[in-house]
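The values are calculated or read from the model by the stated rules, or taken from the named source; none is laboratory data. These numbers were taken from a predicted model, which means no experiment stands behind them. Every residue, glycine among them, receives a Cβ derived from its backbone with ideal geometry; neighbour counts consider all protein chains shown. Ligands, DNA and RNA are excluded from the accessible area calculation, which covers all protein heavy atoms including side chains. Shrake-Rupley method; radii C 1.70, N 1.55, O 1.52, S 1.80 Å.
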Amino acid sequence: MAEARVIPLHGADREAPRRRGGAGSAGQASTAGAGAGAGPEAEAEAIGPAEWERRLAELLNFARRRIQGEYEVDEFGFDRDLTDNVLMPPLRPLYEKWFRVETIGMHNVPARGGALIVANHSGTLPLDALMTAFAVRNDHPARRRLRMLGADLVFKTPVLGALARKSGQTLACNPDAERLLCSGEVVGVWPEGFKGIGKPFKDRYKLQRFGRGGFVSAALNTGVPIIPCSIVGAEEIYPKIGDVKALARLFGFPYFPVTPFFPWLGPLGAVPLPSKWYIEFGEPIRTDEYGEHAADDPMLVFNLTDQVRETIQQTLYRLLTQRRNVFLG
């Protein structure tokens, strides 16, 4: 059996923006035109089988590529083919139907070249990171990919660690971050870490400590813009009202959450509440205007870290004042 070919980092995302009037749209238009005047039911019958045939053909083509090894991975283990065809599609119903995510300021994410997206972290489980990655891939005109930086625990967990690598994630450390940024990738980081996603519900939307500013150092060393990202809605999906520390130590977790529904309702209690989400990408903060050794200046790093954190916090407050209802928006 052929094996996948390992390729070097490809630099800036080279894929062209998705066109609304591509071959698929033309095929649907001609099918609809053929059934014009036959009524909605006839039109649905004409379009439905064609759509299923297209999806089946894509699935068969994907299976053929996997069997023959006609796919590529980069040196971080990122498998584009698997991500686009297997890992990303299940997120679409969550993004569009369950959380009904709305993005604001997507134009602030550059169409090409490196950029560092820094976001608040919340929700007990890191679904906010997955939704942000899907937003950048789905809503950005250039269909950028978000290469997320994750904690050690993610990559030490069986199965999850391998899937994280294949989806383009890597360890949250400066060397990996700088390599990705220098190659023109959009990188995502959540500096609050487990303190952010594991905080009690009473502390929702109050940012935790942003660490020592490692993400700012990576941006300064590579000269890429920092894009503050504010996420509203994730705090309410699993309201954390307690923490069973004994079970957390037993399983090696940073916390074992108790919510109004979990663990009382078993697996049903693990279903996230359908809160309405907003993800806002703020104006980029330039780092290329500082000197070559700017990352060695602790005061500059501290000030930029504080600026990013304060920008996100104030944006969260503004979005919350505009939200009328947790579930309706």
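Taken across the range 68-83, residues that are within 19 Å of Thr315 (Cβ to Cβ) and either in a strand (DSSP E or B) or among the aromatic types (Phe, Trp, Tyr) (or both) do not occur at all. Pairing each residue of the range 281-301 that is of a type in the set (Ser, Thr, Tyr) with any residue that is in a loop (DSSP other than H, G, I, E, B), provided the two are 6+ apart or on different chains, yields C-beta distances under 6 Å for Thr287/Gly223.
Looking only at residues that are charged (D, E, K, R) and not in a loop (DSSP other than H, G, I, E, B) in the range 189-228, which one is least open to solvent (accessible area, probe 1.4 Å)?
Asp203
Cβ-Cβ below 6 Å, separation at least six or inter-chain, first residue in the range 303-327 and among the hydroxyl-bearing types (Ser, Thr, Tyr), second part of a helix (DSSP H, G or I) and open to solvent by less than 50 Å² (accessible area, probe 1.4 Å): which pairs? Within 6 Å, the pairs are Thr305/Val216. Of the residues making up the range 280-293, those that are at pLDDT 95 or above and either surrounded by 15 or more Cβ atoms within 10 Å (Cβ to Cβ) or part of a helix (DSSP H, G or I) (or both) number 6.
In the range 63-73, is there at least one residue being of a type in the set (S, T, N, Q), more than 22 Å from Glu192 (Cβ to Cβ) and either surrounded by 19 or more Cβ atoms within 10 Å (Cβ to Cβ) or modelled with pLDDT under 95 (or both)?
Checking the range 63-73: at least one residue is of a type in the set (S, T, N, Q), more than 22 Å from Glu192 (Cβ to Cβ) and either surrounded by 19 or more Cβ atoms within 10 Å (Cβ to Cβ) or modelled with pLDDT under 95 (or both).
Would you be able to tell me the number of residues in the range 135-186 that are among the polar types (S, T, N, Q) and open to solvent by less than 10 Å² (accessible area, probe 1.4 Å)? The total comes to 1. Only one entry of Thr124, Thr132 meets the criterion of being open to solvent by less than 40 Å² (accessible area, probe 1.4 Å), touching a residue at least 24 places away in the same chain (Cβ under 8 Å), closer than 25 Å to Gly105 by Cα and of a type in the set (Val, Ile, Thr), and that entry is Thr132.
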